[in-house]
Amino acid sequence: MKALVQRILQKALGYDRYLWYFTLYKLRTLKADKNENDFFHFLTLIKGHSTVLDIGANLGLMSYHLAKKAKICYAFEPMPNNIGIIEKVKKKYNLTNLHLLQNALGNRDCEIELVLPIVDGVKKQGLSHVVDEKMTEFNDGTIHKAVCYTLDTQKELQGLQIDAIKIDVENFEHEVFIGGEQMIKRCKPIIYCELWDNQNRLNTFELLRRLGYKIMVLQNGRLEEIQSNPSHIQNFFFIPTHA
């Protein structure tokens, strides 16, 4: 039923108008969504003078909240339709401290392809991802090309102190962290990350532990450190051991 409604709305409104109305609705209701409790806890860890990154900004829902809380927010989003929505969010809410960077991030500087999945006739912007051999789901859809940099080579970030990172790039997180290893070592940002339950999650755990991070999850309103891999949890907080 949900897919049918989405398909009708996308056809009746056009894809971009559908995305805009959906974004406005989600901005009004996001705090009431219990699935986003982890993100709003992450928000409480950010101080007002912070510089933060939203990697995989999608429609800018979390970029909006990050920009409201932090001094500066850099939002990374390479998908063309999503870029247009974030620009409208920035203008509508006068988010002058929100800077949109329209490239992808990975473990090397290159050109990549991304796919906007189409499932049951519905464009699924939230599932857009890099075309990569590790991706085994949602590979049918519209292909877009984009420039990809690393966090360590992204010119806009050179010399900045990055205090916090939210990242959700559909199973490409490990590659992004590899490409930002020097920045992570230098800045020790707190990191909020969604990870699929697969080898990339384990690789991410290993990498960030080596870089001096504790792996934590939100339990009963408090962060608790974990040593194992809880398969029923998707959202993780990586906190520097000195914090």
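The values are calculated or read from the model by the stated rules, or taken from the named source; none is laboratory data. Note that the structure is a prediction, hence the values are computed from the model and not measured. Ideal geometry is used to build each Cβ from the backbone, glycine not excepted, and the neighbour counts take in all protein chains shown.
Evaluate region 21-31: report whether one residue or more is among the β-branched types (V, I, T) and at pLDDT 95 or above.
Checking region 21-31: at least one residue is among the β-branched types (V, I, T) and at pLDDT 95 or above.
Scan region 91-104 and report the pairs whose first residue is in contact (Cβ under 8 Å) with a residue 24 or more places away in the chain and small (G, A, S) and whose second residue is assigned to a strand (DSSP E or B) and surrounded by 20 or more Cβ atoms within 10 Å (Cβ to Cβ), with Cβ atoms within less than 7 Å and a gap of 6+ or a chain change.
As it stands, the answer is A104/L114; A104/V130; A104/C148, since those pairs meet every condition given.
For residues that are in contact with a Pro (Cβ under 8 Å, 6 or more places away or on another chain) and of a type in the set (D, E), scanning just region 138-170, find the one that is modelled with the lowest pLDDT.
Once the filter is applied, the top-ranked residue is D140.
Looking at region 106-122, can you tell me whether even one residue there is part of a strand (DSSP E or B), in contact with a Cys (Cβ under 6 Å, 6 or more places away or on another chain) and not aliphatic (A, V, I, L, M)?
Within region 106-122, one or more residues are part of a strand (DSSP E or B), in contact with a Cys (Cβ under 6 Å, 6 or more places away or on another chain) and not aliphatic (A, V, I, L, M).
Is it true that some residue in region 229-236 is out of contact with any Gly (no Cβ under 6 Å at 6 or more places or on another chain), β-branched (V, I, T) and at pLDDT below 95?
There is at least one residue in region 229-236 that is out of contact with any Gly (no Cβ under 6 Å at 6 or more places or on another chain), β-branched (V, I, T) and at pLDDT below 95.
Can you give me the number of residues within region 95-127 that are touching an Asp or Glu at 6+ places or on another chain (Cβ under 7 Å) and modelled with pLDDT under 90?
Residues meeting the conditions: 3.
Restricting attention to region 145-155, does a residue exist that is surrounded by 14 or more Cβ atoms within 10 Å (Cβ to Cβ), at negative phi, aliphatic (A, V, I, L, M) and under 15 Å from the mean Cα position of the chain (by Cα)?
Yes, region 145-155 contains at least one residue that is surrounded by 14 or more Cβ atoms within 10 Å (Cβ to Cβ), at negative phi, aliphatic (A, V, I, L, M) and under 15 Å from the mean Cα position of the chain (by Cα).
How about region 80-90: which of its residues are closer than 16 Å to A146 by Cβ and either without any contact (Cβ under 8 Å) to a residue 40 or more places away in the chain or β-branched (V, I, T) (or both)?
I83, I86 - these are the residues of region 80-90 that are closer than 16 Å to A146 by Cβ and either without any contact (Cβ under 8 Å) to a residue 40 or more places away in the chain or β-branched (V, I, T) (or both).
Identify the single condition in (1) hydroxyl-bearing (S, T, Y); (2) modelled with pLDDT of 95 or more; (3) surrounded by 14 or more Cβ atoms within 10 Å (Cβ to Cβ) that Y18 does not satisfy, given that it satisfies every other one.
Going through (1) hydroxyl-bearing (S, T, Y); (2) modelled with pLDDT of 95 or more; (3) surrounded by 14 or more Cβ atoms within 10 Å (Cβ to Cβ) one by one, Y18 breaks only (2).
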